[in-house]
Amino acid sequence: MDNLLYEGKAKKVFATGVPTEVLVWFKDDATAFNGEKKGEIASKGPVNLAISAHFFGLLAGKDVKNHYLRTVDERTMLVQKVSIIPLEVVARNIVAGSLAKRLGWPEGKELAEPVVEFYYKDDSLGDPLINEWHVRALGAATREELGVLAETALRVNGILSEHLAGKGVKLVDFKLEFGKNSAGEILLADEISPDTCRFWDAETNRKLDKDRFRRDLGDVSEAYREILGRLKGNESA
Ligand code: UDP
């Protein structure tokens with residue numbers, strides 16, 4: 001396919017004949033630790049697309065505006081074109097990953113209330129944690145926009161946590177990205193998948209996400225499929 005607009009670590013973005021729409025193509029490539037660790041996860045592309053489409057559909061039904069329009073083929077989704085706001089918006093319910101390191105808290109500790117964090121999207125800096133003043137000083141978002149991002153992240157957290165709880169999965173934390181469409185509306189964008197969320201089995205706390213790749217825990221592809229299977233209501237999707 002030509003018309004390549006952008007190639008990221010896990011996805012490629014292609015132009016379409018419609019200026020307000022682009023195609024997102026999901027790779028099997030996996031990276032971690034700011035690109036230092038590289039590999040492939042079998043069938044990750046189709047599985048992450050199916051999981052993302054499921055979540056975007058669920059969220060659209062609850063008035064969380066997002067870029068997803070439809071699935072074109074097993075690796076390709078059609079989305080509204082947005083210019084990405086250079087922030088990673090993370091919401092957390094349970095301590096894990098960088099929060100455990102930063103505060104010296106044990107992984108698995110439940111937070112009294114959800115925590116929202118902003119990271120500046122810049123690979124050369126390693127996506128540093130920043131606060132609301134930094135966001136405004138960078139010109140990445142205004143005070144009002146920051147309010148929308150944080151509020152949306154908390155709404156998404158509520159909707160996804162409840163949905164996943166019904167499937168026997170704990171939503172530990174996740175990262176969202178937002179963009180602005182041609183009308184200037186802020187839309188939830190990117191993907192929502194085991195690459196961008198931590199999912200733990202509710203009974204056993206087994207990790208069903210990219211930490212299996214980051215930490216060499218094995219059965220990575222199986223864990224991603226397990227999440228899709230739970231979402232679709234069977235164990236073998
Ligand atoms: N995350 C992500 N992309 C990143 C960094 C983090 O999708 O570049 C997700 C990660 O999968 C987890 C959440 O954001 O669900 C919080 O990640 P954390 O800050 O703990 O960083 P990590 O331990 O992944 O480096």
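Nothing in this text is a laboratory measurement; each read-out follows from the coordinates by a stated rule. Since the model is a prediction, treat every value here as computed from it, not as a measurement. Neighbour counts run over all protein chains shown; Cβ positions are idealised from the backbone, glycine included.
What percentage of all Cα-Cα pairs in segment 1-137 are separated by more than 27 Å?
Counting pairs separated by more than 27 Å, the tail of P(r) holds 33 percent.
Toward the positive end of the charge dipole of the chain, with +1 on the Cβ of Lys and Arg and -1 on the Cβ of Asp and Glu, the farthest Cα among TRP105, ALA60, ASN93 is that of TRP105. Site pair ALA202 and LEU125 shows an inter-label distance of 3.9 nm when each label is modelled 7 Å from Cα along Cα→Cβ. Obtain the radius of gyration and the Kirkwood radius of the chain from its C-alpha atoms and give Rg over Rh. Rg/Rh: 0.93. Checking every one of the trypsin sites (Lys or Arg not before Pro) in segment 55-151 against DSSP loop status and a limit of 16 other Cβ atoms within 10 Å picks out LYS62, LYS65, LYS109, LYS121. Using a simple spin-label model with pseudo-atoms 7 Å out from Cα toward Cβ, LEU78 and GLU7 lie 2.6 nm apart. Comparing ASN181, ALA50, GLY147 along the charge dipole axis of the chain, the residue lying farthest to the positive side is ALA50, per the Cβ-charge model.
Full extension of the segment from GLU132 to LYS180, taken as 0.36 nm per residue of separation minus the current Cα-Cα distance, would add 15.4 nm. Within the shell of other residues whose beta carbon sits under 12 angstrom from the beta carbon of GLU36, the net charge comes to +3, with Lys and Arg scored +1 and Asp and Glu -1. The relative contact order of segment 1-114 comes to 17 percent, based on Cα pairs under 8 Å that sit 6 or more residues apart. Ellipticity at 222 nm from helices only: DSSP H runs of n ≥ 4 in the chain, each -39500 (n - 2.57), divided by the residue count, give -9500 deg cm²/dmol.
Placing +1 on the Cβ of every Lys and Arg and -1 on the Cβ of every Asp and Glu, with no other charges, gives segment 122-237 a dipole of roughly 260 debye about its Cα centre. Using C-alpha pairs under 8 Å with a sequence gap of at least 6, the mean separation divided by the residue count of the chain gives a relative contact order of 18 percent.
Charges were assigned to the Cβ only: +1 to each Lys and Arg, -1 to each Asp and Glu. The resulting dipole of the chain about its Cα centre is roughly 140 debye.
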